[in-house]
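Only one structure is covered here, and it is reproduced in the block below.
No value in this document is a laboratory result; all are computed from the given coordinates. In this text the structure is predicted, and so the values were computed from the model without any measurement. We place every Cβ from the backbone using ideal geometry, glycine too, and count neighbours over all the protein chains shown.
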Amino acid sequence: MKQLLWLLVLITCVAQAQNVENPTNGIIILADDNNIDLVLKEYNRAFQTSEIEADQLSEGIWLFRSGDDKVLYAWCKVNRNIQSVSCNARVSNRVKPDDSRLSEQYYLDIIKAYDSWEVTTGGTDYSGNDIIIGVVDEGFDIAHEDLKNNIYNNPGEISSDNLDNDSNGYVDDINGWNQRTKRGIHDVKSHGTNVIGVLGAQGNNHLGIAGMNWNLKIVPVTAGSYVSDIIESYNYFLQVKKLFISSGGNKGIDLKVISYSGGLDEAFAKDYVAWCSMYDKLGAVGVLCVASTTNSDYDVEVKGDMPSTCTSPYLLVVNATNKADVKDPYTGYGNISVDIAAPGEKILSTDLASKGNYKTETGTSLSTPMVSGAAALLYSLKCAAFYEFVRDSGPEAALAIKDALIKGVDTKPSLTNKNTSGGRLNVLNSMNILLTAYCDQSLSPKGALSIKTVKYYDNILTLTYVTPDNSETLLKIYDSIGKEVFSKSFTPPFFGDKTLEVVLPKQLEGLYYFVSLINGKEISSKGFTAQDTRK
């Protein structure tokens, strides 16, 4: 047994050296195909060996392997018959966008946005239709460099001609609507610009930040500061959605989510029935509304808050956590009226040019678009069954999205009895709930690289394993003296169990073997016997 443990350690060290310190992934060369035989002969003559593998990747492009990349690279670099040489470096999925200030968006990792973007980065549904989200606020800079490409453009409207070209009842609403002026030009304000940056700043565009959705469409509505203004703003969204439905999709807007980061402190729903009724009306046409609770640390069940205390099932109310991932001391709470938390402290978002285009802000105003953006992201799942469910059963789909967001949270002791979920947003968990329920899929487990089980029977090796991500992984098999007998690269699945079945080219001889998985700088090994290991 001690000998086996020693061999396991030895094999682990050998594998690490081969795959980290001295890679042998080969060299990619560009050369005339007619000269390849000559190149190989020259190499064999120079090194007195024929141990070089040459695989053609495409016309004029070859992969050479010799066991020592450094020597091979240096030799190929000076060979007159080789036009270009490059290392066969490991590539990775570019799920993390290239936005210049991405590293300052600490919350994206906390809520599992990066992992979620491996499934979808938002923008369109299964059928290619735009995901559209409405936002009510005091004003927006829709010409912002990181926002302008994600602002909805009404195809039936002509800008600034003072006409209702698309006959939807609103004049010049080409990029949303200004409830105060009853026209389409927005007041330019910081708060709304902050909000729409969190939920939908364009991702992967080399600029600023990444929103929860990289490429969705935002319909902004500039609203006044009274309850009537908020109701009228919601009504705009209600009318354009009803028009979309009644016209069979030829007019109006197929709105899925509305985000509102405002309200009234110390006010109860019983005194604002009309306001609360808007959430039921919008829900009836398949729209989920997301709203913030107060930025004051009190129990809304006792002291009240609007719209937090509205009881519509189509309303999702958000409070905030801080950078320590606990309930923030400034945020309101309620074990009946508040549903879910999201990071709200020092959130970097888009802002006015006069403030440097980007600024860090704090409050539930930033937590709320994070959740509404997550809801929009869920609508973009590329799954036929889920798409058909949303298309045919809009109100039920809105409730399913809300339910997935609430059930998918990471529970936090500091949020116990502070919201109905007892937790903070985890987009990946919510996504997995919907994939499992509607798409007959579930996300593969992730964690430290490990081999859980090994079974060998009838020349077939079967592994169950866990990897930290879905990047290419190397499998190697060694005999009892540490000699490599098999090697294979594979890509772990994103959905389902991580089980790998390998048919070996020949029967294993002897008794003891080891299998290793290598992923980047991580390695995991496990021993097995060349017998029937079925249980």
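Some observations on this one:
- Crossing angle, helix 427-438 versus the chain [Cα axis fit, 0-90 degrees, rounded to tens]: 90 degrees
- Net lengthening on full extension, Thr491/Ser442 (0.36 nm per residue, minus Cα-Cα): 15.9 nm
- Along the axis of the charge dipole computed for the range 102-438 (Cβ charges of +1 for Lys and Arg, -1 for Asp and Glu, origin at the Cα centre), the listed residues Gln179, Ile406, Val290 are led at the positive end by Ile406.
- Extended-chain gain in nm, criterion 0.36 nm per residue less alpha-carbon gap, Glu118 and Thr464: 122.4 nm
- Computed over the chain, relative contact order equals 13 percent, with contacts defined as Cα pairs under 8 Å that lie 6+ residues apart.
- DSSP loop GluC sites (Glu not before Pro) with at most 11 other Cβ within 10 Å: longest gap in the chain: 60-508
- With the convex hull of its Cα atoms as the shape, the range 450-529 has an orientation-averaged projected area of 5.0 nm².
- Cross-link partners of Lys452 among lysines (Cα-Cα below 24 Å; sequence separation of 8 or more within a chain): Lys2, Lys476, Lys483, Lys488, Lys498, Lys521, Lys526, Lys535
- Global form of the range 26-87, assessed from the alpha-carbon gyration tensor, a/c cut-off 1.5: rounded
- Cleavage-rule hits, chymotrypsin sites (Phe, Trp or Tyr not before Pro), the range 313-369, DSSP coil, Cβ neighbours within 10 Å at most 15: none
- Compactness index (Cα Rg / 2.2 N^0.38 Å), the range 381-535: 1.40
- Ranked by how many other Cβ atoms sit within 10 Å of their own Cβ, fewest first, the residues Asp392, Asp328 fall in the order Asp392, Asp328.
- Once the Cα atoms are used to define both axes, helix 227-246 deviates from the longest principal axis of the chain by about 60 degrees.
- Pairwise label distance in nanometres, Lys483 with Lys323, each label 7 Å out on the Cα-Cβ vector: 5.8 nm
- Rounded tilt (10° steps) of 2-16 against the dominant C-alpha axis of the chain: 70 degrees
- Charge tally in the Cβ shell below 14 Å around Ser160, where Lys, Arg are +1 and Asp, Glu are -1, Ser160 excluded: -3
- Cα centroid of the range 151-185 to Cα centroid of the range 438-499, whole Å: 55 Å
- Evaluated at q = 0.05, 0.12, 0.13 Å⁻¹, the base-10 log of the normalised Debye intensity for the chain, with identical point scatterers placed on the Cα atoms, takes the values -0.29, -1.05, -1.15.
- Full-extension gain in nm, Asp109 to Tyr512, via 0.36 nm per residue minus C-alpha separation: 140.9 nm
- Measuring between their Cα centroids, the range 338-362 and the range 249-276 lie 22 Å from each other.
- Virtual spin-label span in nm between Lys242 and Tyr226, 7 Å along Cα→Cβ: 2.3 nm
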